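What follows is a short report on a single structure.
The values are calculated or read from the model by the stated rules, or taken from the named source; none is laboratory data. Just so we're clear, the structure is a prediction, and the values are computed from it rather than from any experiment.
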Amino acid sequence: MTENAWFVLGRAANVSVHPELKYLSTPVQLGIHGVSKNLGLQELTDYEQCMFDNLVTCLAADITKGEKYIGTHAESSRHAKQQEV
């Protein structure tokens, strides 16, 4: 028996839903061994596709900012832990 769920797909899952986005949440089907099928993006209306296309650039920039933020703070955390030792 499988159930539908949402799962954030990205490099960790080796799935690309859009070529310009490293991460994008899409519905997936879960099985006994985890994700059994990526259901991808549903069919979009012309209006929805236009809106999605317009947000891709902004979303990609936000992903980059988030990665830099995490990288900076992860590095600071590692440095602080090394000084404690």
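Out of all the residues in region 39-85, which are modelled with pLDDT of 80 or more and among the polar types (S, T, N, Q)?
42, 45, 49, 54, 57, 64 - these are the residues of region 39-85 that are modelled with pLDDT of 80 or more and among the polar types (S, T, N, Q).
Can you find, within region 20-47, the residue that is nearest to the chain's Cα centre (by Cα) among those that are under 18 Å from residue 58 (Cα atoms) and hydrophobic (A, V, I, L, M, F, W, C)?
Once the filter is applied, the top-ranked residue is 24.
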